[in-house]
Number of protein chains: 4
Amino acid sequence: MTPKTPTKLEDLQKRIAAFCDARDWRQFHNPKDLALSLVLEAAEVLEHFQWKDGKEIDANIKRHKGEIGEELADVLYWVLLMAKDLDIDLGNAFAKKMKKNEKKYPISKAKGKHAKYTEL
Amino acid sequence: MTPKTPTKLEDLQKRIAAFCDARDWRQFHNPKDLALSLVLEAAEVLEHFQWKDGKEIDANIKRHKGEIGEELADVLYWVLLMAKDLDIDLGNAFAKKMKKNEKKYPISKAKGKHAKYTEL
Amino acid sequence: MTPKTPTKLEDLQKRIAAFCDARDWRQFHNPKDLALSLVLEAAEVLEHFQWKDGKEIDANIKRHKGEIGEELADVLYWVLLMAKDLDIDLGNAFAKKMKKNEKKYPISKAKGKHAKYTEL
Amino acid sequence: MTPKTPTKLEDLQKRIAAFCDARDWRQFHNPKDLALSLVLEAAEVLEHFQWKDGKEIDANIKRHKGEIGEELADVLYWVLLMAKDLDIDLGNAFAKKMKKNEKKYPISKAKGKHAKYTEL
């Protein structure tokens with residue numbers, strides 16, 4: 001039996017920690033550069049959709065699914081690493097934020113609208 | 001007994017799907033705007049570190065830990081939603097990318113260095 | 001006769017220098033934070049177009065033209081300041097880059113296409 | 001006598017317009033993709049400073065001055081093109097924003113501080 005790919009945030013964070021510690025990289029992990037790396041990787045995701053629309057985007061996703069998956073994994077990497085380094089419980093932060101979103105965007109007001117909560 | 005906060009990627013994705021479906025938001029979720037939202041949220045993380053260094057950053061993290069956690073949760077939200085929408089298995093993509101990283105940055109060459117793999 | 005609004009890069013840079021020097025801000029202007037500020041202001045431009053398309057974008061531009069102008073001015077501010085601080089002649093850099101673009105995208109190949117030069 | 005490199009915003013905009021029109025590119029210039037391109041180019045500037053500090057940054061600027069100049073020219077390109085396309089007078093927008101900045105950051109309060117105007 002092959003083990004399932006891990007999907008728990010804390011397991012992914014352990015994998016990252018092992019990867020970084022083996023390379024002695026923790027010394028470089030100041031919060032500003034972590035946040036900067038997060039933005040740069042998010043920009044690489046965005047680049048896949050530049051100058052494209054509708055069918056072109058669909059075709060591009062089919063053709064570059066593997067690469068887009070890699071870019072998303074890169075963003076996830078920095079989110080996980082940064083949360084760990086800053087001693088933020090990401091699962092908790094996510095649960096809290098979802099509850100906040102549910103209040104900010106009550107179904108009665110937000111249904112079928114993409115307006116910001118300040119404009120609902 | 002209170003249930004533990006979920007931390008599996010697929011459980012977080014289910015939570016997001018329920019949130020969006022209740023608001024009938026799927027119609028707005030084109031890949032370009034998802035990627036754009038990802039970048040904008042990553043920029044909000046980065047903003048916490050603008051014009052700050054060393055001790056100022058540490059003090060700022062202490063003072064704004066909750067907010068930074070929220071911003072990281074926002075980035076995570078878009079990564080999860082986008083992967084789901086594009087039918088990308090994020091756990092697999094992450095595992096693959098980590099293996100690729102391990103090859104790109106072999107311990108023997110990368111230890112203690114922050115150079116890009118192309119410059120090792 | 002009222003003087004015309006200055007539009008020469010070097011005049012705009014002088015205005016910025018006077019503004020910063022009067023506030024004794026040069027001490028904070030390290031290149032990393034300048035670049036970071038540039039990205040954050042560019043993101044504010046982008047935010048105006050999130051979740052909008054076609055007619056909604058046109059309507060939004062009409063309604064928020066002043067604000068979008070301000071955001072573009074903010075991006076211009078950091079480009080000008082950064083070039084000055086790094087001792088880069090922006091007019092020259094621009095002229096050089098345009099010549100390079102003209103070679104990278106020869107009319108015969110690039111006409112009517114939005115592909116990257118590597119894919120022409 | 002060689003002509004001086006142009007530095008007036010309106011002259012740079014004319015150069016861009018000629019470049020784009022010769023390639024029949026105006027059809028692709030929707031505001032969302034222009035803003036997106038602006039962010040992506042700003043990110044390329046930022047990338048030059050990732051994982052670097054102090055002396056490393058200075059050395060990197062010396063070594064890559066030409067490239068950084070090109071990246072800044074790219075950002076300038078999109079600012080100019082976008083302003084033109086959205087019918088925004090960039091010189092005016094800049095002058096207005098500088099006046100606003102002078103009020104937001106009065107010398108008496110802002111001198112020697114990098115705080116946001118909301119925290120002065």
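Hey, among the residues in the stretch A:60-100 that are open to solvent by less than 50 Å² (accessible area, probe 1.4 Å) and among the small types (Gly, Ala, Ser), which one's nearest to B:PHE94 (Cα to Cα)?
Among those that are open to solvent by less than 50 Å² (accessible area, probe 1.4 Å) and among the small types (Gly, Ala, Ser), it is A:ALA73.
Here's the yes/no breakdown for (1) aliphatic (A, V, I, L, M); (2) out of contact with any Phe, Trp or Tyr (no Cβ under 9 Å at 6 or more places or on another chain):
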| site | (1), (2) |
| --- | --- |
| D:ASP33 | no, no |
| D:LEU36 | yes, no |
| D:GLY66 | no, yes |
| D:LEU72 | yes, no |
| D:TRP78 | no, yes |
| D:ALA83 | yes, yes |
| D:LEU86 | yes, yes |
| D:ASN92 | no, yes |
| D:ALA95 | yes, yes |
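Identify, by number, the condition in (1) touching a strand residue (DSSP E or B) at 6+ places or on another chain (Cβ under 6 Å); (2) touching a residue at least 60 places away in the same chain (Cβ under 8 Å); (3) of a type in the set (S, T, N, Q) that D:THR7 doesn't meet.
Tallying (1) touching a strand residue (DSSP E or B) at 6+ places or on another chain (Cβ under 6 Å); (2) touching a residue at least 60 places away in the same chain (Cβ under 8 Å); (3) of a type in the set (S, T, N, Q), D:THR7 fails exactly one: (2).
Hey, could you check the stretch C:28-59 for residues that are more than 8 Å from every other protein chain (Cβ to nearest Cβ) and open to solvent by 40 Å² or more (accessible area, probe 1.4 Å) and say which is modelled with the highest pLDDT?
Per the stated criteria, the residue is C:GLU44.
What do you reckon, is A:ASP11 over 24 Å from C:SER37 (Cα atoms), within 9 Å of chain B (Cβ to nearest Cβ) and modelled with pLDDT of 95 or more?
Taking the combined requirement at face value, the residue satisfies it.
Within the stretch D:1-117, considering only helices (runs of 4 or more DSSP H) that don't extend past its boundaries, which have at least 3 residues that are within 18 Å of the chain's Cα centre (by Cα)?
It comes to D:9-22, D:31-47, D:54-85, D:90-104.
Residue by residue through the stretch D:101-113, note down the ones that are surrounded by 13 or more Cβ atoms within 10 Å (Cβ to Cβ), touching a helix residue (DSSP H, G or I) at 6+ places or on another chain (Cβ under 8 Å) and of a type outside the set (A, V, I, L, M, F, W, C).
D:ASN101, D:GLU102, D:LYS104, D:TYR105
Name the residues in the stretch D:39-80 that are closer than 16 Å to C:TRP78 by Cβ and of a type in the set (Gly, Ala, Ser), would you?
D:ALA42, D:ALA43, D:GLY69, D:ALA73
So, in the stretch D:81-120, how many residues would count as being farther than 21 Å from C:ILE68 by Cβ, more than 8 Å from chain C (Cβ to nearest Cβ) and hydroxyl-bearing (Ser, Thr, Tyr)?
Going through the stretch D:81-120 one residue at a time, the tally reaches 2.
When the residues of the stretch A:14-24 are narrowed to those that are within 8 Å of another protein chain (Cβ to nearest Cβ) and open to solvent by 30 Å² or more (accessible area, probe 1.4 Å), which ends up nearest to B:GLU71 (Cα to Cα)?
That would be A:ARG15.
The values are calculated or read from the model by the stated rules, or taken from the named source; none is laboratory data. Note that this is a predicted model, so its numbers are computed, not measured. Quick reminder, even Gly has a Cβ in these numbers, built from the backbone with ideal geometry, and neighbours come from all protein chains shown. The area values use the complete protein model at the heavy-atom level, side chains included, leaving out ligands, DNA and RNA. Shrake-Rupley method; radii C 1.70, N 1.55, O 1.52, S 1.80 Å.
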